[in-house]
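As structure tokens, the structure follows; a few thoughts come after it.
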Amino acid sequence: MKSIFPLTLIAATISACSDNKYVVIGETDAADSTMVIMIESLTGQPKDTAIVKDGTFTFTGSQAEPAMRHIVVNRTILTAIVLENNNIKITKNDNGYTVSGTPLNDTLQIVNSKLTSIYKQLESLEKQFSPTLPLEERNAIETKYNELNNKMKQVAKNATINNIDNAFGIYMLFSTYNDFEPEELQNIINQIPNNVITENPNLQKIKATNDASMKNAKGKVYTDLELSTPDGKAMKLSTLIQGNKYTLIDFWASWCGPCRAEMPNVIEAYNLFKNKGFGIVGISLDNNAEAWKRAIVELGITWPQLSDLKGWKSIAADTYGVTGIPFTLLIDNSNGIIIERNLRGNEISKKLSELLK
């Protein structure tokens, strides 16, 4: 693609840029006089504005430490950038925009390219899938989808791990922290300076949540809880899992679309292994009793259910450090130890096939 930056303009810009200044020059299809807004990525707070002229816009200033920013035009995010003192270019390409000019922005671009490529493959699989396909074909698509989804998560996780000492890594952490095992996340958190954590309420929340998750990591004994059944009877988790060889604790809610989409997989696993010593206890993060009861019937759930109807303020979510649903824990009833976390799709049946031969 031919650059629209005149050589004289670039030369003038570079000569004007010193070590403690940044110059961000970007391309856009927006009409002249359109306002371009630079916002703080994590809070959405506006930080600066520029005006489009001849298809370009320019931001200049000084940045004490590198920081993540989003560039917004006509209420649409053009791209994310790492704002730091240097010359940064935003150029159009077939997939959106390319950010270049500093090592951190080059890293951001590499990660975005990898994620975009995998996302397109996931979209293609979604278009191929249909409930009317033969079971074997559906399972094959689901297996491939899960593989790609896991690959996508790993790319994002690697970006977080490899950059946790800079602004890009912290930015990535906010979208990846749920995908780490508690021990992994604890190691990452330990690499973030204490002053950075204390100055960021969201990082404080991630740390506090993971502290709870560490108590319920793989290899730890599960924590017993007393909640209410759909008919209002107080019941302990330990009572409901008695008699099972393995029990899946399934955190969900009637209002959670992904939970409802995942439920057929959970039902399939239950039907395959319930006569071999497998049981499930659902813990709902609902806050509406009627919606909860209605969803149990609509989804065909036949295993025991518990909830305190406090939504995200549920003691269960707090105790187990649950920050996203659906979320599962697989317990070995012989010793009460958590042996797997967050099994999804056919991973549940696959694991049970290994355990209940």
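Just a few scattered comments:
- Yes/no for Gly279 being at pLDDT below 95 and either outside any strand (DSSP E or B) or in contact with a Phe, Trp or Tyr (Cβ under 8 Å, 6 or more places away or on another chain) (or both): no
- If the condition is being in contact with a Phe, Trp or Tyr (Cβ under 7 Å, 6 or more places away or on another chain), part of a loop (DSSP other than H, G, I, E, B) and open to solvent by 20 Å² or more (accessible area, probe 1.4 Å), then the range 320-350 contributes Ile325, Asn333, Asn342.
- Looking only at the range 146-170, and only at residues there that are in contact with a Phe, Trp or Tyr (Cβ under 9 Å, 6 or more places away or on another chain) and in contact (Cβ under 8 Å) with a residue 40 or more places away in the chain, the one that is nearest to Lys350 (Cα to Cα): Ala159
- The residue that is surrounded by the fewest Cβ atoms within 10 Å (Cβ to Cβ), counting only those in the range 51-74 that are small (Gly, Ala, Ser) and part of a loop (DSSP other than H, G, I, E, B), is Ala64.
- Selection count, the range 156-169, where residues are over 12 Å from the mean Cα position of the chain (by Cα), modelled with pLDDT of 95 or more and open to solvent by 20 Å² or more (accessible area, probe 1.4 Å): 3
- First in the range 201-229 and closer than 16 Å to Ala316 by Cβ, second anywhere and surrounded by 14 or more Cβ atoms within 10 Å (Cβ to Cβ) and among the acidic types (Asp, Glu), Cβ under 8 Å, 6 or more apart: Ala212/Asp318; Leu227/Asp308; Ser228/Asp308
- Test: residue in the range 163-175 that is among the charged types (D, E, K, R) and in contact with a helix residue (DSSP H, G or I) (Cβ under 9 Å, 6 or more places away or on another chain): no
- Taking the range 205-229 as the range and being outside any loop (DSSP other than H, G, I, E, B) and surrounded by fewer than 17 Cβ atoms within 10 Å (Cβ to Cβ) as the test, the residues that pass are Lys205, Ala208, Asp211, Met214, Val221, Glu226, Ser228.
Yes/no per residue for (1) part of a loop (DSSP other than H, G, I, E, B); (2) open to solvent by 70 Å² or more (accessible area, probe 1.4 Å); (3) out of contact with any Lys or Arg (no Cβ under 8 Å at 6 or more places or on another chain):
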position	(1), (2), (3)
Ile189	no, no, no
Asp231	yes, yes, yes
Met235	no, no, yes
Thr239	no, no, yes
Ile249	no, no, yes
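- Scanning the range 81-135 for residues that are of a type in the set (Phe, Trp, Tyr) and not in a loop (DSSP other than H, G, I, E, B) turns up Tyr97, Tyr119.
- Residue within the range 120-139 that is without any contact (Cβ under 8 Å) to a residue 60 or more places away in the chain, surrounded by 15 or more Cβ atoms within 10 Å (Cβ to Cβ) and among the hydroxyl-bearing types (Ser, Thr, Tyr) present: no
The values are calculated or read from the model by the stated rules, or taken from the named source; none is laboratory data. On a predicted model such as this, the values are computed, not experimentally measured, just so you know. Cβ coordinates were reconstructed from backbone atoms using ideal geometry, including for glycine residues, and neighbour counts include every protein chain displayed. Just the protein is used for accessible areas: all its heavy atoms, side chains included, with ligands, DNA and RNA removed. Shrake-Rupley method; radii C 1.70, N 1.55, O 1.52, S 1.80 Å.
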